[in-house]
Amino acid sequence: MSSDRLLDALPDGVVIAGADGLVTHANRTALRLVEYSGPRPFGRPLRDVMALQDLDGFEWFDCVRPYTGLCVRRRLVESSWHTANGTEVLVTGSLQRHTPAGGVHSVTLGLRDGRSRERVDLARSDLVATVAHELRSPLTGVKGFTSTLLSKWDRFTDSQKQLMLRTVDADADRLTRLIAELLDVARIDSGRLSLRKEPVDLVDAVRRQLDPLSAPGDRTISLHGDDSAEVWVDRDKFAQVVANLVENGIKHGDGDVAVTVLGSGDGGAELIVDDHGNGIDEAIRPRIFTKFWKHGRGGGSGLGLYIVGGLVAAHGGAVRVEVSPSGGARMRVMLPAAQPAGLD
């Protein structure tokens with residue numbers, strides 16, 4: 001495949017100019033984005049092909065100065081420019097030099113449709129809106145009860161005051177947990193999640209997480225375990241996985257929730273959480289471990305299963321969705337032995 005055909009196959013626009021400032025390559029996408037309608041672009045000045053302006057009407061070539069700017073520049077940070085018709089184009093680039101401070105012998109530009117950034121901005125707006133909504137609900141309760149107590153303290157009995165303060169305390173716990181979840185998401189996204197692995201008796205660790213949890217009505221949470229299941233995990237992070245999966249089963253399932261811990265032949269272990277709900281349709285299973293995924297009743301921040309997926313992956317394990325024997329959802333977490341070398 002020729003270089004021109006290869007460039008035309010790229011989804012983004014590409015423009016390349018030589019040391020003399022004349023265009024040597026320009027693919028179809030680039031010419032469409034800059035709305036170039038002149039003569040054959042090859043051999044034309046880069047200024048003529050890149051006829052873009054900023055919102056104040058200044059030319060791209062004059063502002064960026066690819067050939068006469070700082071002599072140590074090698075990259076052009078992505079920036080927003082506009083065609084004569086007002087269409088936004090995102091431009092980035094690299095400057096090739098034979099020596100660190102030598103002259104530019106080649107300019108390579110990448111161009112993208114500005115609508116791609118609009119989609120990213122929309123996703124960020126959705127993120128902010130979701131977080132704001134989740135924070136506002138408990139904050140409204142805290143503000144309401146504290147304002148009422150401060151303005152009408154003498155009108156309430158001690159039992160009424162205790163009830164309001166318990167509600168404020170519960171809302172504060174909810175806020176603390178949401179903030180902790182957001183921090184975990186940030187660490188997972190940035191790859192800064194750190195683990196402190198130690199040998200953990202998984203049955204005992206799961207039991208400690210289940211003790212403070214309770215299911216509504218006459219529903220129960222049961223534990224069936226293999227007492228020999230011991231693997232190297234971060235105790236706190238594993239506790240988060242257990243709590244999130246069990247609470248998910250309580251919130252979105254029906255009937256009892258069953259937790260099973262099994263040892264595997266290779267020294268690893270499996271954690272299985274079954275509920276008695278309607279299960280999760282196979283078509284949407286790949287999406288349930290994405291950020292802010294919500295389905296069915298129960299509400300929540302939509303971060304719990306995303307955090308589960310990130311924590312399990314950090315341990316070198318895997319998590320998948322299956323169908324429980326009752327027809328509900330089964331969450332299966334597979335953990336490797338993860339024993340450090342030299343401790344055999």
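Scoring VAL91 on the criteria (1) at pLDDT 90 or above; (2) surrounded by fewer than 16 Cβ atoms within 10 Å (Cβ to Cβ) leaves a single failure, condition (2).
Answer with yes or no whether ALA314 is modelled with pLDDT of 90 or more and out of contact with any Cys (no Cβ under 7 Å at 6 or more places or on another chain). It is true that ALA314 is modelled with pLDDT of 90 or more and out of contact with any Cys (no Cβ under 7 Å at 6 or more places or on another chain).
Looking only at segment 189-203, which residues are touching an Asp or Glu at 6+ places or on another chain (Cβ under 9 Å) and either under 20 Å from TYR306 (Cα atoms) or part of a helix (DSSP H, G or I) (or both)?
Here is the first cut: in segment 189-203, the ones touching an Asp or Glu at 6+ places or on another chain (Cβ under 9 Å) are 193-203.
Those that are touching an Asp or Glu at 6+ places or on another chain (Cβ under 9 Å) and either under 20 Å from TYR306 (Cα atoms) or part of a helix (DSSP H, G or I) (or both): LEU193, SER194, LEU195, LEU202, VAL203.
Pairs under 6 Å by beta carbon, first residue closer than 11 Å to ASP275 by Cβ in segment 316-334, partner of a type in the set (Val, Ile, Thr) and assigned to a loop (DSSP other than H, G, I, E, B), six or more apart or different chains? Short answer, once both residue conditions are applied: ALA329/ILE280. Contact list please: Cβ distance under 9 Å, first residue in segment 155-180 and in a helix (DSSP H, G or I), second residue of a type in the set (Phe, Trp, Tyr) and exposed (fewer than 14 other Cβ atoms within 10 Å of the Cβ), pairs at least six apart or on different chains. Here the result reads LYS161/TRP153, each pair linking segment 155-180 to a residue that is of a type in the set (Phe, Trp, Tyr) and exposed (fewer than 14 other Cβ atoms within 10 Å of the Cβ). In the condition set (1) crowded, with 16+ Cβ neighbours inside 10 Å; (2) in contact (Cβ under 8 Å) with a residue 24 or more places away in the chain; (3) in contact with a helix residue (DSSP H, G or I) (Cβ under 6 Å, 6 or more places away or on another chain), TRP232 is compliant with all but (3).
The values are calculated or read from the model by the stated rules, or taken from the named source; none is laboratory data. Computed from a prediction, not measured in an experiment: that's the story for all the values here. Here the Cβ is made from the backbone with ideal geometry for all residues, glycine too, and neighbour counts use every protein chain on show.
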